[in-house]
Amino acid sequence: MGNPAGVKRNFEALEKRRLQAFKLLQAGVSQAEVARRVGVHRQSVSRWDRVAQAKGKTALLKAGRAGRLPRLSPAQKKQIKKALLKGPEAHGYATGLWTVARVGSLIKEQTGCEYHSGHVWKVLRSLGWSSQRPTGRALERDEQAIAHWKKKDWPAIKKKP
């Protein structure tokens with residue numbers, strides 16, 4: 001079941017619904033009627049009632065977050081971003097290209113956390129980095145001559161409509 005792909009859960013609304021059901025149950029409304037009023041299945045109301053009777057109203061409050069806690073703290077992510085901005089050459093690599101393997105070894109070196117290469121991409125995306133390929137231009141390239149050719153020679157060669 002769950003939510004459709006890409007739809008985030010609204011934890012505040014879920015908590016509000018559970019607490020509303022709790023108040024109705026405290027007022028003596030049947031579980032079936034509470035389920036109809038709140039808009040959930042009767043089994044959910046039954047489960048909430050059991051939890052509230054065993055642990056109290058606070059057990060119905062939101063958990064805080066969903067999913068596993070991140071392995072990298074915000075401070076560690078900031079540290080990695082600073083290291084990435086220095087460039088691969090500053091970390092002993094011959095070329096100025098960050099690869100997933102290089103970033104993975106940098107993360108392990110800086111924080112001690114080891115990531116699978118597929119998950120290194122998630123860390124990079126959370127830092128605002130994206131996949132980019134080098135342009136592959138010749139070192140001998142003369143930008144002024146190219147700009148001149150595009151402005152003067154190319155319009156003369158180009159076919160007219």
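Take the range 97-127 and flag every residue that is aromatic (Phe, Trp, Tyr) and either touching an Asp or Glu at 6+ places or on another chain (Cβ under 8 Å) or assigned to a helix (DSSP H, G or I) (or both). If the condition is that a residue be aromatic (Phe, Trp, Tyr) and either touching an Asp or Glu at 6+ places or on another chain (Cβ under 8 Å) or assigned to a helix (DSSP H, G or I) (or both), then TRP121 is the only one that fits. Within the span defined as the range 64-82, every residue fails to be in contact (Cβ under 8 Å) with a residue 24 or more places away in the chain, surrounded by 14 or more Cβ atoms within 10 Å (Cβ to Cβ) and touching a Phe, Trp or Tyr at 6+ places or on another chain (Cβ under 6 Å).
Kindly check whether there is at least one residue in the range 26-41 that is within 30 Å of the chain's Cα centre (by Cα) and surrounded by 11 or more Cβ atoms within 10 Å (Cβ to Cβ). Looking for residues that are within 30 Å of the chain's Cα centre (by Cα) and surrounded by 11 or more Cβ atoms within 10 Å (Cβ to Cβ), one finds at least one in the range 26-41, hence yes. Restricting ALA101, ALA52, ALA83 to those that are at pLDDT 90 or above and either assigned by TED's automatic domain parsing to the domain that holds ALA35 or more than 24 Å from the chain's Cα centre (by Cα) (or both) reduces the list to ALA52.
Residues of the range 42-61 that are exposed (fewer than 15 other Cβ atoms within 10 Å of the Cβ) and of a type outside the set (Gly, Ala, Ser): ARG42, GLN43, ARG47, ARG50, GLN53, LYS55, LYS57, THR58, LEU61.
The values are calculated or read from the model by the stated rules, or taken from the named source; none is laboratory data. The shown structure was predicted, so the numbers you read here are calculated from the model rather than taken from an experiment. Using ideal geometry, Cβ is built from the backbone for each residue, glycine included, and neighbour counts are taken over all protein chains shown.
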